[in-house]
Amino acid sequence: MRLSNILALALIGHSSLVIGHSADNSAVTAAIHPGEPGAPVAAQNADILSGRHPDLYVISTRASAYQRGHEPHLVIDGDASTDWRVSGPPPAPMARGNWVEIELSRPAVIESIEVQWLGDARYDYRVYKMPRDDFRDVVREGTSAGGDAGLEKIQLAPDTFTQVVRVEFATAKDNAPQGIRELRVNGVPYPAGYPQAADKFAAIENARRILYVEFERMPYVTHFEPKLPYADGGSGLRLLPRDDAFEGGHADFSIAVVPGRENWITLKLWDGHDSSMMTRGNLIVVETLDGDVRQRDRWLLPAYLTDQQEQAQDWNGSTRPRAGRWVYAHYRLPADVVGERREIKLRLQGVGNVRRDYPMRSPSPTVYAITSAIEPLIR
Amino acid sequence: MPSILRVLSAAALLLFPSISRAATLTSVTLGNENSEQAAGIVAVTAPIEQKPDIALGEPGRRLVPASENSPASLAFDAKVDPAAQNYLTIRIWGSDTTWTPVNLLLDQGSINLGNLWWHVTREPPVPGRFLYRTFPIPIEVTRGKTSLRLRLETAVAPQTIGAFRNADQPPPKLLYRPSFALYGLHVHTDSWFEPPASDRQGPPFVWGPPAPKPAGYPDIAGQRLLERARVDIDRALKYNVANSRYDTGHRHDTRVLETLPLIYHSEWSGHFQDRALAEKIRDAIDVHVRRQAAQGGDPGTMFYRGWGSHGRIAHAFSQMGEVFDKFGWLDQPFELKTAAGTKILSRRQVYGDFFHAAFEWRRLDRRSWTNQPIYVSHTLYSLQKALRALRDSRALTQAQSVGYVYEALGIRPLHSRPGAIDAAAAGYPYRLITRAGLTREKGYVDAYGELTYTLVRLVEDTADPQVRAIAEKFLHTRSVFRVPTNDTAGNAALRGIGAMSWRNTTFPFRIAYSGIEEASILDGDPVALRLAQLEIAHGRLNLLTPEPERGPHWSPDNSIRLYQQYLKVKDLPATGHRLPAEPGQPDFVWSDPENGVFVFRHGENLVYGSFFNLDAFSGHAVGDRGIYQLIRPESERLVEFPPEFALPESGLSITVKYPFGERTRPQTPPPPGMKVWAKEPPDWLDHRAGRAYFYHLQTGPYVIAMNTTETGTYRESTWTLPAIPGVTRARDLATGEIVDLSKPLAIPAYTTRVFVRE
């Protein structure tokens, strides 16, 4: 995987790969794969994502409590200057200390964990495994070394087989701030196994789920779920938000079109969210860059999205699109915009929302292919 | 992109009536028995009035209703041209003090042809000189006729005309009230009325002396301004600022709150870095935060209208964030009572929730008339600045939050209205400040267009170069609308232009400079400095009362800031810059095609005009009323005219029913891909639907041609000024070029040309 906040790709060679009207793919006019090396795309404030999904990775973090700005997912962000932080005892009916949990993509044997504690105080801690829902077993108790010791290794009980690791600690007597800066699980490769660490822009979903404490139901606990922003294989281009601008990055390209009629631009996207970019925001609009005064400086929202319907079962009984799936966004290029041209220069522009009146704050879905055709295609 | 040459033809264009030039058809000297008899004058409670110190001692007739429920009137016979546009001009004494609506009616019945005085007039508009008011008689009632019986009649007016009224106060009662006196009536067929030589005129305008300094105040800065600042500091400190309420009183609450940090940080205030003052600010913010939480966390329930109050609270906090941090107040526990129970959080967290919620609420409605988005954007910016001061993770960056300011200043397109978003997506963005530097509304606007004071505060708060550039451009444009005047005491001043404002039209507009605050913030800007130095030279600061007025717009920071700003600018070297309307300046032409506004100077004639104004089409279709004000040393004229215009056929139109008949007017073609202009309830519609592509006007010696189409847009096109028979030599006032107007003349996109016949 190759990441960079600003990547300007030179426009190389001919504008696009023209597939034309072949017998086996009759409707596609042209296709561009913007993440591939040498793709005829000039991008700014964008990055290229590629890689395979790791076998074992963190899919969720949650905690007994947290202070705003110190959410539990910060223990896996690879940044020791951020932390999960609490103060005082956990909310009732939780009776012992505060805790943070990380959930893995599948159960595995975990030999050890590494913890970088917040502050210099020593922590009386317990580490739990959770082989199945709501039943936790202590696999280690101890006291931290104290001081600024960096990542402190904690050896777990032999053959600890679990999907969830919880680290709990006793509340400080003076209710002083406590917490964890970083948490690693032995056997989970860093940083790929920690999407938040691998990519600071990885999406965070705030799923609220019911938690049971000793068979007593808590209202809800917020789950923070880092997403894999790239597909399992291949390369894609992602438009990034900019701290120095209202809107995000962009990618310019020229693509062949069929003159004199309506054309469609379809983006093949990998969406790491469980919702539509149209409602969520941080989406992509298509802008026209050339042509006469009636044809240029126009912008288009997707006329519709084709969403691969893989549903994820929610703990609350509902279903939702699986975070991490293929989505096809179809943009209608009106005939008057195309005119008599055989090629048109377009821009993929990252924007905050469909009204373009909120800043782009997270990356767009990753674009794996751009096609033009006289009808919206899923290929 | 090459322009498209469009030649006027019946097939492609819509043309409206050509003005034929002819002499005056009817002239009545009121108070002159022979003249009145010839015109068949019948006066109902409109007695002759003649006083030696009024109207140069000439007689006139004043419309004086016998009661508040019955009108006064003056009927007369008028010869008209059956084929041309006819105009009625009335002669009025500019020092008159009663200005109420006067309708023109057909005497045989009650058909109302229009109101001759729809302006709000708070002071004598042309002191010591005559004003000629010209009104187009609807062509529907003159067509095919050679004479008409007309009647001028007082119309009902609000009892408190011109007085400030809060929106939550009941509307004023409408009554018949006395109008101005009339000294002459003239019917003619050129919108330009040249007064007959027999009309005596007052002495030509000259600037009066500066307002004198108050006795015992040799140094305004050290005495009067400081005294005023101290009065307001005292008021602000005594004000019960720990108060949060919905009614309009919240404006004072939050303005005072916003001022307290200024006092805290001013070394001369007597309360510099006073901890007790910081506590007062903290406690006041706490009160607002607690109330919002108690009201379900809904910012929309907090303040009436709510464009600025959260922003002022945020601004107060931003100025004190480091102080709060220093005292450790932000991380103190904060007990918050909500509908869901009592929570104990940190002050940092509850403040963050308060500002964030206010931002998320307010950003959803940012309004669309320029002044309103500017106020709202300032609030949004301040809220984000406060969140950054709190180091709240939800805060937008500086560059992101200034994006809302960019939208309000036209740097980014307006995206607060679906119709504007549609237009932007179609390649025709709607920007709230025009390229020429005026606000974008339905047309020119006076008071709500005077926004330099708030723009420079945005410059101050954002320190953003693009914001500054727009503020400078805006100020430079506004300086074109500054004309020499005298106040009611006869002291020299500058006045803004209001007569052609499409809303809240004030004529004359108020004394206006936009100088001292602007010059103190826009360091080195020669226009701002000239305005400031004129304001000082005219002695306007001498007129400030020891105690600042505490009206509905009172904000104590104004007097505090004025003192500081005056100290900053008072000793700056004199600038060589001169305003275009100052005496002795050369001819010029200025225009804003996007607003249909033209301004020019030709010798001693100064003209401020607009091709569209408040009319029944309300910007939804090409309107039927243009207006210009001619300022001359010896008299002024206020002229309404039906604009001649041209535009491509769109197939879209709007019909309006008048008392004298229906008028159907076209809409311009919508942007590419849009079949109609987007409309939003209750009555918002992109007013560019009603802005013709091409306007022209022949009035007296002048020919004005304006191509409103913007370069780089779907409208970009060249239009042709039709040939004017016999006008073989006309001089372009801007360039001096001599042009033969007896032949058609191409006018390129986004171009205004003003010619004077030679």
Self-check item: Under the Debye formula (equal points on every Cα, no solvent term), log10 I(q)/I(0) of the protein assembly as shown at q = 0.04, 0.06 Å⁻¹
Solution: -0.29, -0.62
Exercise. Report the FRET efficiency, 1/(1 + (r/R0)^6), for A:Ala149 and A:Lys200, where r is their Cβ-Cβ distance and R0 is 22 Å, rounded to 0.05.
Key: 0.30
Quiz item: Residue-wise, which Karplus ³J(HN,Hα) couplings in Hz belong to segment B:687-704, taking 6.51 cos²θ - 1.76 cosθ + 1.60, θ = phi - 60°, and x for glycine or proline?
Solution: 5, 5, 4, x, 9, 4, 6, 9, 10, 8, 8, 9, 9, x, x, 9, 10, 10
Practice problem: Any chance you could give the angle, 0 to 90 degrees and rounded to 10, that helix B:347-362 forms with the longest Cα principal axis of chain B? | Solution: 20
Exercise. For chain B, find the longest principal axis of its Cα atoms and tell me its angle to the long axis of helix B:371-389, 0 to 90°, nearest 10.
Key: 10
Quiz item: What is the list of residues in segment B:237-261 whose amide nitrogen lies under 17 Å from a point 7 angstrom out from the Cα of B:Arg291, following Cα to Cβ?
Solution: B:239-260
Practice problem: With springs only between Cα atoms under 10 Å apart, run a GNM on chain A and tell me which of A:Arg208, A:Arg217, A:Arg280 wobbles the most. | Solution: A:Arg217
Exercise. Neighbouring Cβ atoms within 10 Å as the yardstick, rank B:Leu383, B:Leu113, A:Leu49 fewest first.
Key: B:Leu113, A:Leu49, B:Leu383
Exercise. Could you name the aspartates and glutamates whose alpha carbon sits less than 17 Å from that of B:Lys173, not counting residues in the same chain fewer than 8 places away?
Key: B:Glu68
Quiz item: Reachable lysines from B:Lys51, Cα under 25 Å, same-chain residues fewer than 8 places away excluded?
Solution: none
Quiz prompt | Nearest-0.05 FRET efficiency for B:His476 and B:Ala23, computed from C-beta distance (R0 56 Å) | solution = 0.85
Exercise. Assign one of three labels to chain B, namely rounded, prolate or oblate, based on the Cα gyration tensor with a ≥ b ≥ c the square roots of its eigenvalues; rounded applies when a/c is under 1.5, prolate when it is not and a/b is larger than b/c, and oblate otherwise.
Key: prolate
Exercise. List, in order, the whole-Hz ³J(HN,Hα) value for each residue of segment A:174-188 obtained from phi through the Karplus relation with A = 6.51, B = -1.76, C = 1.60 and θ = phi - 60°; use x for Gly and Pro.
Key: 8, 6, 5, x, 10, x, 9, 7, 9, 9, 10, 10, 4, x, 9
Quiz item: What does the charge add up to near A:Ser60, with Lys and Arg as +1, Asp and Glu as -1, over the other residues with Cβ less than 10 Å from its Cβ?
Solution: -2
Quiz item: To the nearest whole percent, what portion of all C-alpha pairs in segment A:58-226 is separated by more than 26 angstrom?
Solution: 20
Exercise. Please tell me which of these pairs span more than 21 angstrom C-alpha to C-alpha: B:Lys326/B:Lys385; A:Lys153/A:Lys200; A:Lys200/A:Lys227; B:Lys213/B:Lys570; A:Lys200/B:Lys326?
Key: A:Lys153/A:Lys200; A:Lys200/B:Lys326
Self-check item: Nearby aspartates and glutamates by direct alpha-carbon distance to A:Lys173 (threshold 17 angstrom, same-chain neighbours under 8 apart not counted)
Solution: A:Asp120, A:Asp124
Practice problem: Have a look at A:Ala80, A:Ala245, A:Ala65 and tell me which one the Gaussian network model of chain A (Cα, springs below 10 Å) gives the largest fluctuation. | Solution: A:Ala245
Self-check item: In degrees, nearest ten, helix B:452-462 long axis to first principal axis of chain B (Cα)
Solution: 30
Quiz prompt | Integer Hz, Karplus 6.51/-1.76/1.60 couplings in order for segment A:254-266, x for Gly and Pro | solution = 10, 9, 5, 9, 8, x, x, 8, 5, 10, 10, 9, 10
Exercise. May I ask for the net charge around B:Leu63, where only other residues with Cβ less than 12 Å from the Cβ of B:Leu63 are counted and Lys, Arg are +1 while Asp, Glu are -1?
Key: +1
Quiz item: Hey, how many Å between the Cα centroid of segment A:56-125 and the Cα centroid of segment B:485-543?
Solution: 63
Practice problem: Can you grab the distance from the C-alpha centre of segment B:632-698 to the C-alpha centre of segment B:44-64, Å, no decimals? | Solution: 39
Quiz item: Quick one: if you stick a label point 7 Å off each Cα along the C-beta vector at B:Ser618 and B:Thr146, how many nm between them?
Solution: 4.3
Exercise. Note down the relative contact order for chain B as a percent, whole number, built from C-alpha pairs under 8 angstrom at least six residues apart.
Key: 13
Exercise. Count the net charge of all other residues whose Cβ sits under 9 Å from the Cβ of A:Arg181, scoring Lys and Arg as +1 and Asp and Glu as -1.
Key: -3
Quiz item: Hey, what number do you get for chain B at 222 nm if only DSSP H runs of n ≥ 4 count, each worth -39500 (n - 2.57), divided across all residues, to the nearest 500?
Solution: -8000 deg cm²/dmol
Practice problem: Considering only A:Ser81, A:Ser275, A:Ser254, give the residue with the highest GNM mean-square fluctuation for chain A, with springs between Cα atoms whenever their separation is below 10 Å. | Solution: A:Ser81
Practice problem: Apply 1/(1 + (r/R0)^6) to the Cβ-Cβ distance of B:Thr301 and A:Glu114, taking R0 = 60 Å, and write down the FRET efficiency to the nearest 0.05. | Solution: 0.75
Quiz prompt | Amide H contacts under 5 Å for A:Thr160, placed H, 5+ residues apart | solution = A:Ile110
Self-check item: Least to most buried among B:Glu360, A:Glu205 (fewest other Cβ within 10 Å first)
Solution: B:Glu360, A:Glu205
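None of the figures in this text is laboratory data; all of them are computed from the coordinates on show. Since the structure is predicted, the reported quantities are computational estimates derived from the model, not experimental observations. Don't worry about glycine lacking a Cβ; one is built from the backbone with ideal geometry, like all the others, and counts go over all protein chains shown.
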